[in-house]
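Structure first, commentary second.
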Amino acid sequence: MDDEVQIPDRIVQAMDNAQMGVFILSPDFIAKKWPTYELACFLLRHEKAKVSKAVPPALLPVFCCGLTPVACQGDYKQLKANYAKHFSSHGFSDRMDRGETSYGQVAELLHEICDHKGLEGADLTVEGLVQTIADAVSEQHIVSLAFGASDWKKYFGVDVGAVPPLPGNIDEILNSASPFRLEDEKSRQRVGANHLLTLIPATVDGVPFTLDKLGELILRYFPENNRKDLGSKSHGFRYYSTYLTTKNRSSPLSSTSYWLLLPKTILPDSRSKDWSSQKALASAYIGSGYGIPRALEVATSVLSHYAKHKERLYADASSSTGNWTYTRCADLDEYGYPLVVGGFAAAGLAVDYGGFDYYDKGVAVCRKF
């Protein structure tokens, strides 16, 4: 589209910051200057985000007033012929003469937006269309927050099988205030802002999902951690404790997949405490559906988030807090001490021995669906 088109700063800012773009695609839409320019801007943002590994805006096309997905996927000659009167009534030829646009450019935009799951609204009432859009916006927003089956395929190359549905009120859950403040927060935030939502699979490519299996999958991101012995640079991890039991390493958590909500860091005032005190601190949130996570749950959530967003949580001293951060987990090692997961450095994540009450060891909680 024309690089010289001038759009008010407030609209540019809104397009740059919006998490989602909803486009009501009609013959008039594709013939007008500003709607097609805005569509072009959102598509460009989406493409740039994929390259930079940022979170792209979700795009939702709604096809109505006779403009169908099939029509949008035709070539520019068909587009010109099918909607000639609309192009004519909106001065499309004059804009073409000025070099602002072309039928080919509009056709290319429609081809791109058709790559996104959309709605056909021709048979909907206005009220029904509004509700359908609202439902789809909510669904796509949740998908953009979660690490689900399609992400497992994209970032780890595996099929996770049957996916359980999220709770019907998941949007309400994500938009509600977190029952606790995290240690790096001054006040409580929305659950969707300070938690990770991750699909914990029962199997990957038909094989039980275990801590060892996760280690195999993350080798694509940390290929130097390829030692077979336990310890440093082992099994995909920066450190893989020498005190891990066979059960710790090789037992799946569940026979069915489930969703996990894990906070992005530990609870406040949970560092330097003994295990009994940390369990008591975590128990305050049982009434909100939270419990102490397993090592595989924490490692899966943190590593999948890294694969998708290139952000290290439960990190080393390079994090914003300046502290090394681990969470103690419900699993016990061969000496009966809780495993800890964290210390996520450039070299990878650690699954370590949690016997000492050092400052780097706190506790997190999680919620399962």
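The values are calculated or read from the model by the stated rules, or taken from the named source; none is laboratory data. Small disclaimer: the values here were computed from a predicted structure and weren't measured. Every residue, glycine among them, receives a Cβ derived from its backbone with ideal geometry; neighbour counts consider all protein chains shown.
Overview of values
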read-out	value
Subset of the range 218-255 [without any contact (Cβ under 8 Å) to a residue 12 or more places away in the chain and acidic (Asp, Glu)]	Asp229
Among (1) without any contact (Cβ under 8 Å) to a residue 24 or more places away in the chain; (2) more than 27 Å from Glu224 (Cα to Cα); (3) surrounded by fewer than 15 Cβ atoms within 10 Å (Cβ to Cβ) - the single one Gly355 does not satisfy	(3)
Residues that are farther than 15 Å from Tyr306 by Cβ, at pLDDT 95 or above and in contact with a strand residue (DSSP E or B) (Cβ under 8 Å, 6 or more places away or on another chain), drawn from the range 212-233	Lys213, Glu224, Asn226, Arg227, Leu230, Gly231, Ser232, Lys233
Filtered residue count, the range 37-77, keeping only those that are closer than 18 Å to Gly104 by Cβ and among the basic types (Lys, Arg)	1
Flag if Phe209 is surrounded by 21 or more Cβ atoms within 10 Å (Cβ to Cβ), farther than 22 Å from Glu311 by Cα and of a type in the set (A, V, I, L, M, F, W, C)	yes
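So that you can scan it fast, the table gives a plain yes or no per residue for (1) small (Gly, Ala, Ser); (2) within 26 Å of Val302 (Cα to Cα); (3) at pLDDT below 85:
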{"site": "Lys53", "(1), (2), (3)": "no, yes, yes"}
{"site": "Thr68", "(1), (2), (3)": "no, no, no"}
{"site": "Cys72", "(1), (2), (3)": "no, no, no"}
{"site": "Ser89", "(1), (2), (3)": "yes, no, no"}
{"site": "Val106", "(1), (2), (3)": "no, no, no"}
{"site": "Ile113", "(1), (2), (3)": "no, no, no"}
{"site": "Asp135", "(1), (2), (3)": "no, no, yes"}
{"site": "Asp151", "(1), (2), (3)": "no, yes, no"}
